[in-house]
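To start, the structure itself, in structure tokens.
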Protein chains: 2
Amino acid sequence: MDTSLRRTLHDRGLRMTPQRQLVLDAVRELQHATPERICEQVQRVAPAVNITTIYRTLDLLEGLDLVWHTHLGHGAPSYSSQAHEHVHLVCHRCGGLTEIPPEELIDLTARLRDRFGFVLNPSHLALSGRCVQCPEPEGS
Amino acid sequence: MDTSLRRTLHDRGLRMTPQRQLVLDAVRELQHATPERICEQVQRVAPAVNITTIYRTLDLLEGLDLVWHTHLGHGAPSYSSQAHEHVHLVCHRCGGLTEIPPEELIDLTARLRDRFGFVLNPSHLALSGRCVQCPEPEGS
DNA sequence: TTAGGTGCAAACTTTTTGCCTCCGA
DNA sequence: TCGGAGGCAAAAAGTTTGCACCTAA
């Protein structure tokens with residue numbers, strides 16, 4: 001049970017529902033999950049929940065800043081909750097994912113805020129480049 | 001005409017074609033363009049070129065490290081060429097895109113390389129957060 | 001002549017929309 | 001009873017595949 005979710009929803013004239021709680025729980029539990037994966041998880045508890053509801057609820061929760069999505073690689077987007085504290089390094093070549101501690105971005109976060117007024121979300125960030133295992137392309 | 005493209009292709013037993021040149025030109029010219037947008041651009045010169053060819057060619061060029069794609073927001077991915085030297089700040093709230101000079105990432109690039117062996121591609125990077133115009137969410 | 005490359009159509013996956021019904025304030 | 005929510009089906013959007021034909025080495 002998530003009283004704060006109920007409150008947040010109520011403050012905006014929205015209702016708390018079991019589906020919304022279940023989707024939020026699933027995102028928090030799974031981390032980096034696609035909508036389809038989240039749907040499977042929710043349906044373990046409530047098999048009747050439709051994928052449409054998953055999409056609508058993810059949109060809603062994202063609007064409330066409770067969840068977040070990025071495209072870590074090709075294909076479907078990946079949803080996470082604020083709780084997940086990692087920076088992601090995505091290799092554009094092999095698609096590999098490396099997680100590093102968010103402290104690595106403290107300096108950058110401060111600089112972007114001071115200079116551009118941009119509040120970086122360091123806990124959910126994908127940086128793209130080439131990982132250790134992948135060879136350097138020719139001619140560079 | 002792009003002799004280096006011809007050479008790169010030839011070295012791998014692949015052929016140079018007008019379509020490949022046109023797609024590369026379109027990516028370089030448009031920057032941040034979706035496959036569909038690139039297709040339109042190519043079709044100005046060669047109306048018969050099919051969207052399938054655009055997808056296949058973008059895949060090919062990406063494999064050659066000549067172009068690059070990210071998902072800047074919802075929906076279709078966005079292709080750019082190496083030539084495009086900007087860092088992108090994407091607001092997760094309004095979807096707005098801010099471009100900042102790549103120099104802002106010099107420190108981070110060096111650190112990631114030294115500590116994790118990860119070669120950041122600073123010329124094509126999307127950092128996600130909240131931009132100046134968008135209000136801070138409640139409760140934070 | 002042979003393999004690469006393209007166009008075209010169809011299939012497929014992922015996401016969104018419309019509509020009807022249900023339910024709680 | 002009124003508007004928010006969800007289920008279901010269909011549509012839309014985005015991407016991939018199969019196949020025939022064409023072309024350059």
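What follows draws every value from the coordinates through simple rules; no lab data is involved. Keep in mind it's a predicted model, so treat the numbers as computed, not measured. With ideal geometry, Cβ positions are generated from the backbone for all residues, glycine too; neighbour counts draw on all protein chains shown.
What to note about this one:
- Cβ nearest the rotation axis (A onto B), residue from chain A and distance to the nearest whole Å: A:HIS71, 2
- Other protein chain Cβ atoms within 10 Å, averaged over every residue that makes up B:106-118: 4
- Between copies, the label points at B:TYR55 (set 7 angstrom from Cα along Cα-to-Cβ) are spaced 1.8 nm, reported in nanometres from shortest to longest.
- Extension gain for the segment A:ARG15 to A:ILE51, taken as residue separation times 0.36 nm less the Cα-Cα distance, is 11.0 nm to one decimal.
- Across identical copies of the chain, A:ARG44 has label-point separations of 5.2 nm, listed in ascending order, with the point defined 7 angstrom from Cα along Cα→Cβ.
- Between the range B:14-41 and the range A:36-57, the Cα center-to-center distance that results, in Å: 39 Å
- Taking the DSSP beta bridges with both ends in chain B, the antiparallel portion is around 60 percent.
- Of all segments of chain B bounded by GluC sites (Glu not before Pro) found in a DSSP loop with no more than 13 other C-beta atoms within 10 Å, the longest spans B:1-84.
- For the protein assembly as shown, share of DSSP beta bridges that run antiparallel, in % to the nearest 5: 65 percent
- Each copy carries a label point for B:GLU103 at 7 Å from Cα toward Cβ; from one copy, the others' points are 3.0 nm away, ordered from shortest.
- In this simple spin-label approximation, A:ALA110 and B:GLU29 carry label points 7 Å from Cα along the Cα→Cβ vector, and these lie 4.6 nm apart.
- Calculated mean residue ellipticity, 222 nm, the protein assembly as shown: -12500 deg cm²/dmol, from DSSP H runs (n ≥ 4) at -39500 (n - 2.57) each, averaged per residue and rounded to 500.
- Positive minus negative residues near A:ARG93 (Lys, Arg vs Asp, Glu; Cβ under 11 Å): -2
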